[in-house]
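Peer 1: Quick one: structure below, then a few questions.
The values are calculated or read from the model by the stated rules, or taken from the named source; none is laboratory data. None of these values were measured; they are calculated from a predicted model. Don't worry about glycine lacking a Cβ; one is built from the backbone with ideal geometry, like all the others, and counts go over all protein chains shown.
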């Protein structure tokens, strides 16, 4: 049944026993005695990709754009509002980018000539501005070396669009050798669009590099760390795994622009900048200032997974550039360096500190191994070229690390010739886990709730690695994170959960987006320079992830699972640790429905709890103004002799929890 998008409905108090307003009553039977399947701890996880300014300008808390002057335009992000005076012979000052002699990863620095103490300043615009909060502390650092003249002090200030000082400090510098200087800035007001101004006391020349600014209040208080509010939203999902560093970003538009993990570890200044592949991917959303500093690199991803008690799941390129772009191939005979990268990554994550890459991890402050169990080979590759290369990786990895679980891929879509071919070949290879991706309409998600009911129970397991309902069309800039999309995903996820013997990992994608820097919609989390919020899709993921249970139970109407009959969907689990039964119910119709639920095989307490997610109409969304407009609301559930009668309102996702005695 197609959902009526314009139908509004009244708000009803939820889950209160007997209803006299609905003609049809549906009886569901829950078998609590027999476990159908075990639910993997990895069932619900996080897919992270550096798209939509999700890393630099987002999760990675660095506030300076182009901090080491390495962009293709090395002064991008920096302005000299009064440098034109220099050209008019008023001799204010001028900055020019200079290359270090020799071979350096950090190739450039800026050399500044100051000829008028009152006139010259260098300003950084941040990532669509800088979000600063009154009274908070911001850690500022830079490298400086004095040339000729008498420059002895640098003034650093937050300023607004009109140049008004919003809080300043200064540092004294000396000497012709490079030295790091640190200070703290404290804003006098809260401002979402601040900039950073640097001015100089004295005249002459001074060189600057690695100009950096971080909030002091980062996730776990780590210097050069992650934005606290964004990680908190992720941690609250209770993820079973963290997949990184992304999807298409793994392969790159060309092989030269692929993600190379070894360039993302070690000292920050030694991490080689790379243009982000989403920089100019979409003509409707160009982002020429989108680069990867790799301050958020593989070490930080592993550390984040550890913080959240999630399994790390890195995805590596397999010698094929993105097949939507160039499809550039590494010949099979030249594949060894790519395979070695995979072997070295396992050593970096798990090796002893006396191994070469284990030593690198140790030097970064983590002598203990990360205990990585999974590695993905390829993202959305397809055809025989992928299967040929996957075989090479699999053989090498299993020879050295036989217990490592390898995730393979079935291509960019969840149907069609490429998909069928990929599954056929990977099944022949006894692949362990196959990654499936699906971006489609809300209707598709509702209609495919039974997708995995017929999958081979003895074949490869499934990683539903990227999925999201598209309100308009794939890659459309008009897609919205509306309630219809989220509700349809909830319906689909009941089918994932019912088939947990086949589906071992799932994750929504993309994860997050800057409100002014996005390239792709929809996205699960939105943020600007000061605030962030979860979409209705986020709360669907959170409700499943924090109520996963340990065992799948049977919940049926007349001997059949609910996969869309009456526009209803359901799954049931139990948690043997907390001794709870967990029922997930989705009503996608425009009518309230009454459900009689009969629990068999285990005595339950006389009352339970409910958690309800719903909206007044299917077009509703969350926003910065109303971040929790659609968010879970608690309710009470009455039980009598292991039975309950529940009114499930139109367009509602609900979880019922009851204690097993």
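Peer 1: Confirm whether residue 422 is touching a helix residue (DSSP H, G or I) at 6+ places or on another chain (Cβ under 9 Å), assigned to a loop (DSSP other than H, G, I, E, B), farther than 24 Å from residue 237 by Cα and in the same structural domain as residue 313 (by TED's automatic domain parsing).
Peer 2: Judged against the criteria, residue 422 is not a match.
Peer 1: I would also like to ask the following. Which one of these is within 27 Å of the chain's Cα centre (by Cα), in contact (Cβ under 8 Å) with a residue 40 or more places away in the chain and either under 25 Å from residue 290 (Cα atoms) or in the same structural domain as residue 211 (by TED's automatic domain parsing) (or both): 135, 131, 149? Break it down into steps so the answer makes sense when it comes.
Peer 2: Values: 135 fails: within 27 Å of the chain's Cα centre (by Cα); 149 fails: within 27 Å of the chain's Cα centre (by Cα).
So the residue among 135, 131, 149 that is within 27 Å of the chain's Cα centre (by Cα), in contact (Cβ under 8 Å) with a residue 40 or more places away in the chain and either under 25 Å from residue 290 (Cα atoms) or in the same structural domain as residue 211 (by TED's automatic domain parsing) (or both) is 131.
Peer 1: Also, quick follow-up: Test residue 180 against the criterion of being exposed (fewer than 15 other Cβ atoms within 10 Å of the Cβ), closer than 21 Å to residue 215 by Cα, touching a strand residue (DSSP E or B) at 6+ places or on another chain (Cβ under 8 Å) and in contact (Cβ under 8 Å) with a residue 12 or more places away in the chain, and give yes or no. Step through it out loud before you land on a result.
Peer 2: Details: exposed (fewer than 15 other Cβ atoms within 10 Å of the Cβ): yes; closer than 21 Å to residue 215 by Cα: yes; touching a strand residue (DSSP E or B) at 6+ places or on another chain (Cβ under 8 Å): yes; in contact (Cβ under 8 Å) with a residue 12 or more places away in the chain: yes.
Judged against the criteria, residue 180 is a match.
Peer 1: Only residues that are farther than 24 Å from residue 490 by Cα and under 28 Å from the mean Cα position of the chain (by Cα): list them for the stretch 420-444, please. Walk me through how you get there before you give the answer.
Peer 2: Pass one, the stretch 420-444, residues farther than 24 Å from residue 490 by Cα: 420-432.
Those that are farther than 24 Å from residue 490 by Cα and under 28 Å from the mean Cα position of the chain (by Cα): 422, 423, 426, 431, 432.
Peer 1: Shifting gears a bit: Does residue 172 fit the bill of being at pLDDT 95 or above, in the same structural domain as residue 108 (by TED's automatic domain parsing), touching a strand residue (DSSP E or B) at 6+ places or on another chain (Cβ under 6 Å) and under 14 Å from residue 121 (Cβ atoms)? Break it down into steps so the answer makes sense when it comes.
Peer 2: Details: at pLDDT 95 or above: yes; in the same structural domain as residue 108 (by TED's automatic domain parsing): yes; touching a strand residue (DSSP E or B) at 6+ places or on another chain (Cβ under 6 Å): yes; under 14 Å from residue 121 (Cβ atoms): no.
Spelling it out, it is not the case that residue 172 is at pLDDT 95 or above, in the same structural domain as residue 108 (by TED's automatic domain parsing), touching a strand residue (DSSP E or B) at 6+ places or on another chain (Cβ under 6 Å) and under 14 Å from residue 121 (Cβ atoms).
Peer 1: I've got another one for you. Go through the stretch 77-97 and give me each residue that's modelled with pLDDT under 95 and within 36 Å of the chain's Cα centre (by Cα). Walk me through how you get there before you give the answer.
Peer 2: Here is the first cut: in the stretch 77-97, the residues modelled with pLDDT under 95 are 79-97.
Of everything in the stretch 77-97, those that are modelled with pLDDT under 95 and within 36 Å of the chain's Cα centre (by Cα) turn out to be 79, 80, 97.
Peer 1: Right, next: Tally the residues that are surrounded by fewer than 21 Cβ atoms within 10 Å (Cβ to Cβ), farther than 23 Å from residue 369 by Cα and touching a residue at least 60 places away in the same chain (Cβ under 8 Å), restricting the search to the stretch 316-346.
Peer 2: Number satisfying all stated conditions: 6.
Peer 1: Let me ask you something else. Out of all the residues in the stretch 183-194, which are in a strand (DSSP E or B) and buried (at least 20 other Cβ atoms within 10 Å of the Cβ)?
Peer 2: Taking the stretch 183-194 and keeping what is in a strand (DSSP E or B), we get 183-185, 191-194.
Hits for the stretch 183-194 are 185, 191, 194.
Peer 1: For the stretch 523-618, list the strands (runs of 3 or more DSSP E) that sit wholly inside it and hold at least 2 residues that are surrounded by 17 or more Cβ atoms within 10 Å (Cβ to Cβ) and within 30 Å of the chain's Cα centre (by Cα); which are they?
Peer 2: On the way: elements: 525-527, 532-534, 551-557, 568-575, 580-587, 593-600, 604-614.
In the stretch 523-618, the matching strands (runs of 3 or more DSSP E) lie at 525-527, 532-534, 551-557, 568-575, 580-587, 604-614.
Peer 1: Something else about it: Go through the residues of the stretch 227-237 one by one and say whether even a single one is within 23 Å of the chain's Cα centre (by Cα), in a loop (DSSP other than H, G, I, E, B) and surrounded by fewer than 22 Cβ atoms within 10 Å (Cβ to Cβ). Reasoning before the result, please.
Peer 2: Taking the stretch 227-237 and keeping what is within 23 Å of the chain's Cα centre (by Cα), we get 227-237.
Cutting the leftovers down to in a loop (DSSP other than H, G, I, E, B) gives us 236-237.
Still in the running and surrounded by fewer than 22 Cβ atoms within 10 Å (Cβ to Cβ): 236.
There is at least one residue in the stretch 227-237 that is within 23 Å of the chain's Cα centre (by Cα), in a loop (DSSP other than H, G, I, E, B) and surrounded by fewer than 22 Cβ atoms within 10 Å (Cβ to Cβ).
Peer 1: Hey, can you tell me all the residues within the stretch 467-488 that are surrounded by fewer than 24 Cβ atoms within 10 Å (Cβ to Cβ) and outside any loop (DSSP other than H, G, I, E, B)? Let's see the steps before the verdict.
Peer 2: Pass one, the stretch 467-488, residues surrounded by fewer than 24 Cβ atoms within 10 Å (Cβ to Cβ): 467, 470-480.
Across the stretch 467-488, the qualifying residue is only 467.
Peer 1: Could I ask something else about it? In the stretch 318-402, which helices (runs of 4 or more DSSP H) lie fully inside it and hold 3 or more residues that are closer than 30 Å to residue 419 by Cβ and over 28 Å from the mean Cα position of the chain (by Cα)?
Peer 2: Fully inside the stretch 318-402 and qualifying: 384-400.
Peer 1: Suppose we filter 642, 622 for residues that are under 29 Å from residue 507 (Cα atoms), touching a residue at least 40 places away in the same chain (Cβ under 8 Å), buried (at least 17 other Cβ atoms within 10 Å of the Cβ) and not assigned by TED's automatic domain parsing to the domain that holds residue 452; which single one remains?
Peer 2: Details: 642 fails: under 29 Å from residue 507 (Cα atoms).
Exactly one residue qualifies, and that residue is 622.
Rundown of residues vs (1) buried (at least 22 other Cβ atoms within 10 Å of the Cβ); (2) under 19 Å from the mean Cα position of the chain (by Cα); (3) assigned by TED's automatic domain parsing to the domain that holds residue 53, yes/no style:
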{"position": "256", "(1), (2), (3)": "no, no, yes"}
{"position": "263", "(1), (2), (3)": "no, no, yes"}
{"position": "267", "(1), (2), (3)": "no, no, yes"}
{"position": "278", "(1), (2), (3)": "yes, yes, yes"}
{"position": "286", "(1), (2), (3)": "no, no, yes"}
{"position": "293", "(1), (2), (3)": "yes, yes, yes"}
{"position": "299", "(1), (2), (3)": "no, yes, yes"}
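Peer 1: Among all residue pairs at least 6 apart or on different chains, which show Cβ distances below 9 Å where the first residue, located in the stretch 373-397, is outside the structural domain of residue 435 (by TED's automatic domain parsing) and the second is part of a loop (DSSP other than H, G, I, E, B)?
Peer 2: Every condition considered, no pair remains.
Peer 1: For the stretch 408-447, how many residues meet the condition of being closer than 16 Å to residue 497 by Cα and crowded, with 20+ Cβ neighbours inside 10 Å? Please lay out each step first, then the result.
Peer 2: Restricting attention to the stretch 408-447, the residues satisfying the condition of being closer than 16 Å to residue 497 by Cα are 436, 445-447.
Imposing the further condition that a residue be crowded, with 20+ Cβ neighbours inside 10 Å reduces the set to 436, 445-446.
Result for the stretch 408-447: 3.
Peer 1: Among all residue pairs at least 6 apart or on different chains, which show Cβ distances below 6 Å where the first residue, located in the stretch 203-228, is within 14 Å of residue 139 (Cβ to Cβ) and not assigned by TED's automatic domain parsing to the domain that holds residue 301 and the second is modelled with pLDDT under 95 and not in a loop (DSSP other than H, G, I, E, B)?
Peer 2: Here the result reads 210/269, each pair linking the stretch 203-228 to a residue that is modelled with pLDDT under 95 and not in a loop (DSSP other than H, G, I, E, B).
Peer 1: Looking at the stretch 489-522, which of its residues are part of a loop (DSSP other than H, G, I, E, B) and under 21 Å from the mean Cα position of the chain (by Cα)? Step through it out loud before you land on a result.
Peer 2: Restricting attention to the stretch 489-522, the residues satisfying the condition of being part of a loop (DSSP other than H, G, I, E, B) are 499-502, 509-511, 515-522.
Passing the criteria: 509, 510, 511, 515, 516, 517, 518, 519, 520, 521, 522.
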